[in-house]
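Q: The structure's right below; bear with me while I get my questions together.
Just so it is clear, none of the values below were taken in a lab; they were calculated from the coordinates. Remember, it's a predicted structure, so these values are computed and weren't measured experimentally. For neighbour counting, all protein chains shown are included, and Cβ atoms are generated from backbone atoms with ideal geometry for every residue, glycine included.
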Amino acid sequence: MASFKAIMEDKKKGIALFLLGICLASTVIGIAVIARSPFDRDGLSGGKIVLINIEGSIVGGRSGFGIFGLESGADDIAEQIKRAGEDSSVKAIILRINSPGGSAAASQELHEEVHKARGNGKIVVASLSDVAASGGYYVACGADKIVANPGTITGSIGVIFSQLQYSELLEKYGVRSNVIKSGKYKDIGSPLRNMTEEERQILQEMIDDIYSQFVHAVAEGRQMNESEVLELADGRIFTGRQAKELGLVDELGNFQDAVDLAAGLAGLKGKPKVVEYGKKSPFESFFGIFARELGHGLAETFLETGKQQVGLSSL
C-alpha cells in the first residue's frame, strides 16, 4: 500500500500538471485573441473612427462588475482614449455613453483625457444612449459635439454625498464602538455616531467645491456662461430633446447619426470604418473578469487589510 507521503506527492504532481495545462491553454487562447483583435488588425489602417463604450457607473481603477452591475473603470477608458488620441490613423473618436454617473474624480479623469485627444487633433463626438447623466454628462461635455436620442435621460448636473447612520440601531442591541483617532475630524462621516454641524459644514464646502468644478466644465465645454449653467445645475434630469433646447446637446439622433457626424467633421469620405480597441467577446470578457476577481479575492484572503470608508463624492 502506498504511503501517505507518496499519495501526497502524486497529488501535488497532478495539481502542477493541471495548472500547467491551464497556463498553456491560456497562452494559446491569448495568441488567438491578439491575432484577431480589432485593435491590432486595424492598427495600421488609415482614416478610421474609434468607438469607446462607457457603460454603467464610472469608477476609479479597472472596469468590471460591481454591486450594482457593470462598471466603467477610469483607468481602462482613459487608456483607450489616450491610445486613440496618439494613433495617427484615427481621425475621430465616438464615446458611446450609457451611464448614470459615478465617481467625481473618475469622471474628471475621462473628461481631461477627452481634452487631450482633441488637443491631438482628434474629433470627439459623444453619443448618448439610454442614460448619460451626472458623471456621464461630465465626460460628454468635453466632446466636440453631443448627439442624444430624444428620449435619452441626461443632465443631473450636481454632486451628492450620502451616508448611512445606524448608531441608534447599534445602541438598541447594546453594541458600542471605541474609536482612537489622531484628530477630531479623522472619523468624519462615521456611521457610528451623529454628524456634528461643524462636520456637516466641512462636507458641504467640499461638495460645493466639486460642484463648481462641474459647472465650470459644462460652461467651458458647451460655450455657455456659468450663470446659464447654474440655472440648469440643480440636479434635475432632462430628456434628450429638452437638453437640446437648453443647449446641453447639439443634435438629436442615434448612434449611426453620431458616426456620420464624426466622419463629416473629420473630413472622411464614403462609409467610415468604425473599430473598437481591444474589443472582446462575451466569453473573453467573462473569463478575463473572472480571473482578475479571483486573483483579487485571493490577495485579500492572504493579505490582512483594514480600512474605513466613510463615503465618496459622486456625480
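Q: Using only the alpha carbons, work out the radius of gyration and Dmax of segment 174-257 in angstrom.
A: When restricted to the Cα atoms of segment 174-257, Rg and Dmax are 20.4, 61 Å.
Q: Any chance you could run the full-extension gain for residue 168 through residue 79? It's 0.36 nm times the residue separation minus the Cα-Cα distance, nm to one decimal.
A: Length difference between fully extended and current span is 27.5 nm.
Q: Go through segment 183-241 and name the trypsin sites (Lys or Arg not before Pro) that are in a DSSP coil and have 15 or fewer other Cβ atoms within 10 Å of their Cβ.
A: 184, 186, 193, 236
Q: Here is a further query. Non-local amide H neighbours of residue 131 (under 5 Å, H modeled in plane, Pro and chain starts lacking H): which ones?
A: Here the answer is 99, 153, since their amide H atoms fall under 5 Å of that of residue 131.
Q: Fewest Cβ neighbours within 10 Å first, please rank 152, 239 accordingly.
A: 239, 152
Q: A follow-up question, please. Determine, for 77, 180, the number of other Cβ atoms within 10 Å of each Cβ, and report the residues in order from fewest to most. Walk me through the intermediate numbers first.
A: On the way: 77 24, 180 6.
Sorted ascending by nearby Cβ count, the order is 180, 77.
Q: Once amide H atoms are placed 1.01 Å from N in the peptide plane, what residues at a sequence separation of 5 or more from residue 235, or on another chain, have their amide H within under 5 Å of its amide H?
A: 157
Q: Which chymotrypsin sites (Phe, Trp or Tyr not before Pro) in segment 107-167 pass both tests, a DSSP loop state and at most 16 other beta-carbon atoms within 10 Å?
A: 161, 166
Q: Quick one: Karplus J couplings for segment 200-212, per residue in order, coefficients 6.51, -1.76, 1.60, θ = phi - 60°, nearest Hz, x for Gly and Pro?
A: Per residue, the Karplus-derived 3J(HN,Hα) values read 4, 5, 4, 5, 5, 5, 5, 5, 4, 5, 5, 4, 5 Hz.
Q: Right, another one. Please arrange 224, 206 by how many other C-beta atoms lie within 10 Å of their C-beta, fewest to most.
A: With the sparsest Cβ surroundings first, the list reads 206, 224.
Q: What chymotrypsin sites (Phe, Trp or Tyr not before Pro) in segment 167-216 are in a loop by DSSP, with at most 11 other Cβ atoms within 10 Å of the Cβ?
A: 173
Q: Contour minus end-to-end for residue 178 and residue 120, with contour as 0.36 nm per residue of separation and end-to-end as the Cα-Cα distance?
A: 15.5 nm is the gain from fully extending residue 178 to residue 120.
Q: Can you tell me the FRET efficiency between residue 207 and residue 269 if r is taken as the Cβ-Cβ distance and R0 is 51 Å, rounded to the nearest 0.05?
A: On the way: r = 48 Å, r/R0 = 0.95.
So the FRET efficiency works out to roughly 0.60.
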